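Input: a single structure, listed below in structure tokens.
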Amino acid sequence: MTDAIQIYVDADACPVKDEIYRVAYRLEVPVIIVSNSHFRVPAHPLVSRVVVSDAFDAADDYIADQVSADTVVITSDILLADRCIKAGAQVLAPNGKPFTADSIGAAVATRAIMADLRAGMGSENIGGPPPFSKNDRSKFLSSLDEVLVRLKRRV
């Protein structure tokens, strides 16, 4: 763990990596891309990549072990968000929605209910999340900028 502001990205299915890089470069915040597989990341001094094993939750475990109050985590994984919030990190979903200590309990409960419904009814009868949109991308950019500026003021 470090006291410097950092962004950890649960990267395997993250649709906003380019947006993360753009904000990080402007605000000079290091980005750590964590994934189960190799893929191209920008050759930039602020960007590093950690490839973990393909074991279940390996990326989540790595990220959760690294975070602190000066960390922003980008993930759509509700259980990882819960772990990171408990460690004091700021957590954003790729659509810009913040996961907070006040909202994470309901998100975990909803996730469990949906998993039960899918198991009982079959996934074809239950809709998934709406398609990722330009508005989601724009909201994410704004939310990430806001969180990082707030953390920089604190440091």
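Out of curiosity, is V72 within 27 Å of P130 (Cβ to Cβ) and without any contact (Cβ under 8 Å) to a residue 24 or more places away in the chain?
no
Does segment 23-56 hold any residues that are among the β-branched types (V, I, T) and touching a Leu at 6+ places or on another chain (Cβ under 7 Å), and which are they?
V23, V29, V31
Check Y21, Y8 and return the single one that is under 19 Å from C84 (Cβ atoms) and hydroxyl-bearing (S, T, Y).
Just a single option satisfies the conditions, and that option is Y8.
From the residues in segment 62-86 that are part of a helix (DSSP H, G or I) and out of contact with any helix residue (DSSP H, G or I) (no Cβ under 8 Å at 6 or more places or on another chain), which one is nearest to F99 (Cα to Cα)?
Looking at the filtered set, the residue picked out is K86.
Can you tell me which residues in segment 44-65 are at pLDDT below 95 and open to solvent by 80 Å² or more (accessible area, probe 1.4 Å)?
Selection gives D54, F56.
Would you call S142 within 19 Å of K17 (Cα to Cα), modelled with pLDDT of 95 or more and surrounded by fewer than 17 Cβ atoms within 10 Å (Cβ to Cβ)? Please lay out each step first, then the result.
Working: within 19 Å of K17 (Cα to Cα): yes; modelled with pLDDT of 95 or more: yes; surrounded by fewer than 17 Cβ atoms within 10 Å (Cβ to Cβ): yes.
It is true that S142 is within 19 Å of K17 (Cα to Cα), modelled with pLDDT of 95 or more and surrounded by fewer than 17 Cβ atoms within 10 Å (Cβ to Cβ).
Consider segment 7-38. How many of its residues are out of contact with any helix residue (DSSP H, G or I) (no Cβ under 9 Å at 6 or more places or on another chain) and not charged (D, E, K, R)?
Residues in segment 7-38 being out of contact with any helix residue (DSSP H, G or I) (no Cβ under 9 Å at 6 or more places or on another chain) and not charged (D, E, K, R): 5 in total.
In segment 13-35, how many residues are in a loop (DSSP other than H, G, I, E, B), within 18 Å of the chain's Cα centre (by Cα) and either exposed (fewer than 15 other Cβ atoms within 10 Å of the Cβ) or modelled with pLDDT of 95 or more (or both)?
Total meeting the criteria: 5.
How many residues are open to solvent by 100 Å² or more (accessible area, probe 1.4 Å), at pLDDT 65 or above and outside any loop (DSSP other than H, G, I, E, B) if we restrict to segment 98-138?
Selection size over segment 98-138: 2.
Take A43 and decide whether it is small (G, A, S), within 21 Å of R137 (Cβ to Cβ) and either assigned to a loop (DSSP other than H, G, I, E, B) or out of contact with any Phe, Trp or Tyr (no Cβ under 6 Å at 6 or more places or on another chain) (or both).
Values: small (G, A, S): yes; within 21 Å of R137 (Cβ to Cβ): no; either assigned to a loop (DSSP other than H, G, I, E, B) or out of contact with any Phe, Trp or Tyr (no Cβ under 6 Å at 6 or more places or on another chain) (or both): yes.
No.
The values are calculated or read from the model by the stated rules, or taken from the named source; none is laboratory data. Keep in mind that this is a model prediction, so the values were computed, not measured. Note that each Cβ is placed from the backbone with ideal geometry, even for glycine, and that neighbours are counted across all protein chains shown. With ligands, DNA and RNA removed, areas are computed over all heavy atoms of the protein, side chains included. Shrake-Rupley method; radii C 1.70, N 1.55, O 1.52, S 1.80 Å.
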